[in-house]
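Engineer: This is the structure I have questions about; it appears just below.
The values are calculated or read from the model by the stated rules, or taken from the named source; none is laboratory data. All values derive from a computational prediction rather than experimental measurement. Here the Cβ is made from the backbone with ideal geometry for all residues, glycine too, and neighbour counts use every protein chain on show. The protein model used for the area step is the full one, side chains on, heavy atoms only, and it has no ligands, DNA or RNA in it. Shrake-Rupley method; radii C 1.70, N 1.55, O 1.52, S 1.80 Å.
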Amino acid sequence: MYSQYMEEFEQDPFDATEFIEKLTWRTQNETEKTFDADVIYETFTHTIKDLNNLKEKQQKKCERLELEIKDEQVNHARSIGKLQERHQDSIQCFHELDEKINSVAGKIIHLGEQLENVQKPRSRTMEAQQLLNYMSDFILDGPIVNDIFTDKAQLYEAADVIQKLFLISQDLSAKKFDNARKKIEKKYDEIERALIEEFAAAQKVEDIDKMKKIANILAQFKGYAQCIDAYIEQSQSTPTGGKDIFITILPMCRHNYEIIKQVFASPNHVMSKFILNIYQLKLNQYAATKLEDKRDEERYLRTLYELYSQTKKLSDDLQEFMTGSDEDLLNKLTTNIFAKHVNSYIDIEMKSLKAKCDLELQKYYASKNHQKKMTPRFQELRRDMQAAIGFGVNDENATNDIFISEELAINLLQETKSAIKRCKVLSKDQDVASNVVKLADILLTSLMTDYVTYGLMKGIELLPLGESKVFTQTLFFEVVQKCSIIVHLLEKLYTTTIIPIVTNTSSFSDCMFKKRSVMEPIEMRINTGLERCLNSIVGWVKSFLQSEQKKTDYKPEVDVDTLTSAACRQVVQSIQSLISKIKKTLDGENLNSFLSELGIRLHRVIFDHMQTMQYNTTGAMCAICDVNEYRRLIRGLNNPLVNQLFDVLHALCNLLLVKPENIQEVCTGETLDPLDKSVIRQFIQLRGDFKQLKTTNYLRGIVE
């Protein structure tokens, strides 16, 4: 039973409540009866006695164990005391031994110094004696037969000896030891060449340790620079990327830089020389070969730009290897390589751009089967005079074709943009802005003066000089549209490419002045052409109404349906299609100004035309229908002033129809009250009953 209690007590954590519950549960299971308090009480009493007995037993066990632990503590304390005594003895022995070692070491050092003092002179004497023996071989006549100079396996030892002999020979009398000096110098050169050959052989297999050893030996020789040159030459003798030399230069430099750092005592100096050799030999020769042929100027410029850009980028990439060197050295080397090409670059660029522009223009006119002929100035003057006096004959050279294409303009703009891109890279910093202005001048001349201006002139030739009796030619609107597109593209090029370059330079004002000088005549020609378009449109409307508007349209002899007249419908239909065309082709200020002026002039023509007719009541209704049709047409112009003019015209036409007693009310209304009374009188006089009205009081204050 005690063992069972111990198992339960040793559980972690121990729960007294759970212990009592288990004891109760076991008691009930053993009795197999209903709850019996006496049995449980007896069980609890018995269990308490058992636990007290167990407690006493465990107490005695603990006391016994405590006594045993105290005995063990005493024994361990005695053992530790003995160990401490032994430790103290060991420390004392260690100190004594240390003093003896220091004493012996001091004696050994003193003895070593004495031996060294004796050995140094002896070693120098032996070395001097050995050098004298070697020197005697060179002083004696005949070939050198000493093994150290004939055995290739002793090359490094021979190098050390000959280097010392060479220094000694420089102090010997030239007359007495001339033969010996020559033999030493000869052997010196032989060993030096042999070392360089050994170095080159080790380089081929990338034996870094051997290369480093030989380089250290050669550092004492006068031909050490030849070792560096040999390394550079052999490293750069491998093919460098086939046709494109720039592909492998950077990887080659990185690979060799790691070797140079391990082999040479001054890696930065060697690496600078390594890169210098690339520029002065490899890149210089490569660029000269590529740029040798200047017959194809476009290809030459493209190649020059690519080579220069790649070299500049390479210089930036290689700057990490130029530690301790002139930071601007690589840029100077690049400048030296391309100096003769860059100095004459802008002249070739301008010539090439002009040739490209001329060629594009020739190809364009050839595709049109057109022989370009500039209109002489006196011929333009003659046409202007003809327009002024109303002489309506077109120029004999006029053609029904458009000579402006945005595709060609895009080509010229792209060519110029490419040229400017090259100019930014290839021009000197102080010349970039002025050179860009020169290229922009070529573009302005070719695109705007030679091309757009000519196209505008040919477009103007399509227009009648005065009022036209046939419906106007609409091709000029397409000319203006294409011209506007080209001007927009040109402005975009200036804004994004040219202006940022010339801003804050002395070339800015010159650039803007030249551009303005070219654009102003173009704007004047566009205005001239649009003015002729207006004259032509308005002239056609005037002529058409005069010839097609019947007198009986507004003064029918019999009652007819009040419909819009045929002449009005034709005018509205024609002008409506024309307005749609104008809105598709014109934009911005040109569109607003043109539509506004068109509306004002149409109003004047229709206003004057209405005053040439006679009206009766039925005809007045037809006239109002016509005016309403004109008003619907004019609202498409989106111009408040023109809408107001036609509203006034509609109100004036109402005077032809209103009852006599209402005339005064209409004339003093909001629409007609601001008008001059003479205008109102002119319309009232067109009424069929005007003579009767004059005898009444209905027109008092109006016709007087």
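Engineer: Over all directions, what mean area does the Cα convex hull of region 493-547 project, stated in square nanometres? Let's see the in-between values first.
Structural biologist: Values: hull surface 19.3 nm².
The directionally averaged projection comes out at 4.8 nm².
Engineer: Now, a different point. Output needed: percent of Cα pairs per 10 Å distance bin for region 434-526, bins running from 0 to the one holding the longest distance.
Structural biologist: 15, 42, 25, 12, 5, 1
Engineer: Here's something else I'd like to know. Express in nm, to one decimal, how much length is gained between ASP189 and LYS100 on full extension, taking 0.36 nm for each residue of separation and deducting their alpha carbon distance.
Structural biologist: Numbers: separation 89, 0.36 × 89 = 32.04 nm, distance 5.74 nm.
Going from the current span to full extension adds 26.3 nm.
Engineer: In addition: What order do you get for 36-49, 592-605 when each peptide is scored by the mean count of other beta carbon atoms within 10 Å, highest first? Mind showing how you got there, number by number?
Structural biologist: Numbers: 36-49: 12.0, 592-605: 18.4.
My ranking of the peptides, most packed first, is 592-605, 36-49.
Engineer: For a quick check of understanding: with a 1.4 angstrom probe and all protein chains in place, what accessible area in square angstrom does GLU415 have, to the nearest ten?
Structural biologist: Accessible surface of GLU415 is approximately 50 Å².
Engineer: What does region 546-691 give for Rg and for Dmax, in Å, if only its C-alpha atoms count?
Structural biologist: 15.9, 51
Engineer: Rolling a 1.4 Å sphere over the protein heavy atoms, what is the accessible area per residue of region 498-610, to the nearest Å²?
Structural biologist: Numbers: 5720 Å² over 113 residues.
Result: 51 Å² per residue.
Engineer: Now for a separate question. Which of the lysines could a cross-linker span from LYS428 if the Cα-Cα distance has to be under 16 Å and same-chain partners fewer than 8 positions apart are dropped?
Structural biologist: LYS312, LYS332, LYS340, LYS438
Engineer: Looking at region 266-362, what % of the alpha carbon pairs are farther apart than 15 Å?
Structural biologist: On the way: 2992 of 4656 pairs.
Tail fraction, whole percent: 64.
Engineer: Here's a follow-up. Please list, in order, the residues from region 480-505 whose amide nitrogen is less than 20 Å from a point placed 7 Å along the Cα→Cβ vector of GLN430.
Structural biologist: What the label zone holds, given the 20 Å backbone N cut-off, is 501-505.
Engineer: Checking the cross-link filter: which lysines have an alpha carbon closer than 26 Å to that of LYS22, excluding same-chain neighbours under 8 positions apart?
Structural biologist: Correct list for LYS22: LYS33, LYS49, LYS55, LYS57.
Engineer: If DNA, RNA and ligands are ignored and the probe is 1.4 Å, what is the ranking of THR453, THR495 by accessible area, most exposed first?
Structural biologist: So the residues, ranked largest to smallest area, are THR495, THR453.
Engineer: List every residue whose amide H lies under 5 Å from the amide H of TYR615, counting only residues 5 or more places away in sequence or on a different chain, with H placed 1.01 Å from N in the peptide plane.
Structural biologist: Placed amide hydrogens put GLY688 under 5 Å from TYR615.
Engineer: Report ILE346's accessible area, 1.4 Å probe, all protein chains in place, as a number in Å² to the nearest 10.
Structural biologist: Rounded to the nearest 10, that gives 20 Å².
Engineer: Determine how large the accessible area of TYR300 is when every protein chain is in place; take a 1.4 Å probe and give Å² rounded to the nearest 10.
Structural biologist: 10
Engineer: Rounded to the nearest 0.05, what FRET efficiency do ASP50 and ASP15 have when you use their Cβ-Cβ distance and R0 = 25 Å?
Structural biologist: Working: r = 19 Å, r/R0 = 0.76.
Calculated transfer efficiency: 0.85.
Engineer: For labels at GLU113 and ASP689 in the simple 7 Å Cα→Cβ model, what's the distance in nm?
Structural biologist: The modelled label-to-label distance comes out at 15.1 nm.
Engineer: A follow-up question, please. Using θ = phi - 60° and the Karplus form 6.51 cos²θ - 1.76 cosθ + 1.60, what ³J(HN,Hα) does each residue of region 310-318 get, whole Hz, x for Gly and Pro?
Structural biologist: The phi angles translate into 5, 5, 4, 5, 4, 4, 5, 5, 7 Hz.
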